[in-house]
Amino acid sequence: MRIDYQTKIVLDGTGQMTALKEHWVFDEYYTEFALKDFVSDKGTKLDHDKLMDLAEDNLKNLKDFDYFTKIESDGVKKAVKTPSEINSYLANGHIVLDFTLTLAAPLDTVRHKITYRIYDPSYYVSMLHTEKDPITIEGAKAAACEHKLETPKPDIRKVNLASAIDKNGQAPDELGSFFAQKVTISCK
């Protein structure tokens, strides 16, 4: 399974990071699997309410995994609140999920190194930023900020370990972190 995503870094009026808006596009395999529960042989039509129920269930199941999002300030993991501004819909034959993760406390983007990674810790789901407009920054001081997207270069032992897991196998904890793209935010 694969999720392509875009992120929007949200800054408040003082330039502190307050939230991360995420836009996930699920691959055709997950979309087909998820939709088969909604569309019956009798031609039941998929509606927005059913997609929202699915989105709520998915996010509820991801709570213990921090919604697959790890935000750090100077290497210290930061807490997020329950997702808000949740929306789900079909676009070009794919399920799309939009949500906002508000930080428990704003992060100073000038004095501290802020990073985030979005990944499935089990490595079951491949997650990558989209090629087009992968990251944007919004807020009053967005022009004073920049981001850097780093593609991981896991060592061959991690690659071999991931390759050896069969479809019913269990990945070691946090295997997905070795394959996760990392975004670093810095502001002046």
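For region 33-43, the count of residues that are β-branched (Val, Ile, Thr) and either modelled with pLDDT of 95 or more or in a helix (DSSP H, G or I) (or both) is zero. The residue that is surrounded by the fewest Cβ atoms within 10 Å (Cβ to Cβ), counting only those in region 11-20 that are closer than 13 Å to ALA144 by Cα and not polar (S, T, N, Q), is GLY13.
Is there a residue being crowded, with 17+ Cβ neighbours inside 10 Å, in contact with a Cys (Cβ under 9 Å, 6 or more places away or on another chain), at pLDDT 95 or above and β-branched (Val, Ile, Thr) anywhere in region 135-151? Checking region 135-151: at least one residue is crowded, with 17+ Cβ neighbours inside 10 Å, in contact with a Cys (Cβ under 9 Å, 6 or more places away or on another chain), at pLDDT 95 or above and β-branched (Val, Ile, Thr). If the condition is being polar (S, T, N, Q), loosely packed, with under 14 Cβ neighbours inside 10 Å and over 17 Å from the mean Cα position of the chain (by Cα), then region 90-132 contributes only ASN92. Look at (1) in contact with a helix residue (DSSP H, G or I) (Cβ under 9 Å, 6 or more places away or on another chain); (2) modelled with pLDDT of 90 or more and you find that SER122 fails only one, number (2). State whether the residues of region 46-61 include one that is closer than 27 Å to ALA143 by Cβ and modelled with pLDDT of 90 or more. The answer is no, given that none of the residues of region 46-61 is closer than 27 Å to ALA143 by Cβ and modelled with pLDDT of 90 or more.
Taking region 62-82 as the range and being modelled with pLDDT of 95 or more and either β-branched (Val, Ile, Thr) or within 21 Å of ASP27 (Cβ to Cβ) (or both) as the test, the residues that pass are LEU62, TYR67, PHE68, THR69, ILE71, VAL76, VAL80, THR82. Among the residues of region 146-160, those that are in contact with a helix residue (DSSP H, G or I) (Cβ under 7 Å, 6 or more places away or on another chain) and more than 21 Å from LYS8 (Cα to Cα) comprise PRO154, LYS158. When ASP66, ASP57 are screened for being surrounded by fewer than 17 Cβ atoms within 10 Å (Cβ to Cβ), out of contact with any strand residue (DSSP E or B) (no Cβ under 9 Å at 6 or more places or on another chain) and assigned to a helix (DSSP H, G or I), only ASP57 passes.
The values are calculated or read from the model by the stated rules, or taken from the named source; none is laboratory data. Everything numeric in this text was worked out from a predicted model, so none of it was measured. Cβ coordinates were reconstructed from backbone atoms using ideal geometry, including for glycine residues, and neighbour counts include every protein chain displayed.
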